[in-house]
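Below you'll find the structure, written out as structure tokens, and then a few comments.
The values are calculated or read from the model by the stated rules, or taken from the named source; none is laboratory data. Source: prediction; values computed, not measured. In this analysis, Cβ positions are derived from the backbone assuming ideal geometry, glycine residues included, and neighbour counts consider all displayed protein chains. Just so you know, the surface numbers come from the protein's heavy atoms only, side chains and all, with ligands and any DNA or RNA stripped out. Shrake-Rupley method; radii C 1.70, N 1.55, O 1.52, S 1.80 Å.
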Amino acid sequence: MKKTNVAVFFGGCSPEYSVSLSSASGVILNLDREKYNPVLIGITREGSWYHYVGPVEKLLDDSWCNPSDCTPAVLSPNRGEKRLLLLKKGGIDSICIDIAFPVLHGGNGEDGTLQGLLELTGIPVAGCGTLSSALGMDKDRAHRLVSLEGIRVPKHLVLNKGEDLAPAEAFADTLGYPIYVKPVKAGSSYGISKISRRELLSEAIALAFEYDNQVLLEETIPGFEVGCAVLGNRELITGEVDEIELSGDFFDFTEKYTLKTSAIHVPARIDGAKAAELKETAKIIYKALGCRCFARVDMFLTPTGDIVFNEINTIPGFTEHSRYPGMMKAAGYSFGQVLSRILDLALEEA
């Protein structure tokens, strides 16, 4: 049986470059090699593309980009060709691509930019499309759309770079501290601050502007964060709801990837009825944002039982210990089964 060539994209021009290397390693190691042949496409921090043929271990220590393992490469933009062009010294060679699997996090990969290029080529994409990827990265617009479904979202204000800080200060005073200050379009908690008084606001805004040209001021929602893995195109299934137990202020970058003082409980320590409600809410959000194949929906559960939308991750972490595979495993699906289903769903939409 002819194997399906799956182009696994990793790296990228994003602060989340290193996270992508870890996620891509998880995907590569868990693909069913009897069905799929991974074609590895690495993108450097500077944006150069390479076909990578070395071992997975070199992704984990970021030594993958080297002359012996890499050939400069580009995708053919001609719709229907579905080929990766290898720019060798003696001429151009090519590899057929059946499915593209972007395992990139943050800007220039998760935000619809790569998805748009892939849609131009006609290569099926394992994951959300251009629009839903862009919406998933934009916390402001995602909140606005989800609120139209009658789902509660945090009160927030968007500040553009160069604007006067007076409206932001007034908004924060009205909300009451503590508040969150976030880049509108960034992931892995980069640039996020939780501040307890006005004197810290300008510094937090300046930090957030290092990652985006828009900044979000957002109310603090009491309670705890929960997540739900969603899988499917039209018929949706979910993993078990998970729960983040915090000991500090919020689930920042360090806690997300080391769990030094935090813990993730799968299933969440909530009753079955509330878990079922969270799953249905996650499905509504997934559909409202036009998602396909897979995504992780993050929400808050307040002490009174209210569900509040936080954000959606259209390319969540994919290491062995990441939340999405963990939630699906708790529902009875192995990592390999989830990846195979994602690839089948990509072909369904082709």
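Side notes on the structure shown:
- Exactly one residue out of GLY150, GLY136, GLY116 is assigned to a loop (DSSP other than H, G, I, E, B) and of a type outside the set (A, V, I, L, M): that is GLY150.
- Residues in the range 175-210 that are assigned to a loop (DSSP other than H, G, I, E, B), over 17 Å from ALA142 (Cβ atoms) and open to solvent by 60 Å² or more (accessible area, probe 1.4 Å): 4 in all.
- Qualifying position, being among the acidic types (Asp, Glu), free of Cβ contacts under 8 Å to residues at least 24 places away in the same chain, out of contact with any Ser or Thr (no Cβ under 6 Å at 6 or more places or on another chain) and more than 30 Å from ASN78 (Cα to Cα), among GLU149, GLU169, GLU163: GLU163
- The range 276-302, residues that are within 16 Å of GLU110 (Cα to Cα) and surrounded by fewer than 21 Cβ atoms within 10 Å (Cβ to Cβ): GLY290
- Residue in the range 310-331 that is at pLDDT 95 or above, under 22 Å from ILE264 (Cα atoms) and open to solvent by 60 Å² or more (accessible area, probe 1.4 Å) present: yes
- Among (1) open to solvent by less than 40 Å² (accessible area, probe 1.4 Å); (2) over 30 Å from SER334 (Cα atoms); (3) part of a strand (DSSP E or B); (4) not acidic (Asp, Glu) - the single one LEU157 does not satisfy: (1)
- Filter pass, TYR17 being hydroxyl-bearing (Ser, Thr, Tyr), touching a Ser or Thr at 6+ places or on another chain (Cβ under 9 Å) and surrounded by fewer than 21 Cβ atoms within 10 Å (Cβ to Cβ): yes
- Subset of the range 106-138 (residues that are surrounded by 23 or more Cβ atoms within 10 Å (Cβ to Cβ), among the hydroxyl-bearing types (Ser, Thr, Tyr) and under 22 Å from GLY80 (Cβ atoms)): none
- Selection status of LEU343, exposed (fewer than 15 other Cβ atoms within 10 Å of the Cβ) and assigned to a helix (DSSP H, G or I): no
- Any hit, the range 308-316, residues being of a type in the set (D, E, K, R), farther than 21 Å from LEU345 by Cβ and outside any strand (DSSP E or B): no
- The listed residues are ARG33, ARG45, and the only one of them that is open to solvent by 70 Å² or more (accessible area, probe 1.4 Å) and within 20 Å of the chain's Cα centre (by Cα) turns out to be ARG45.
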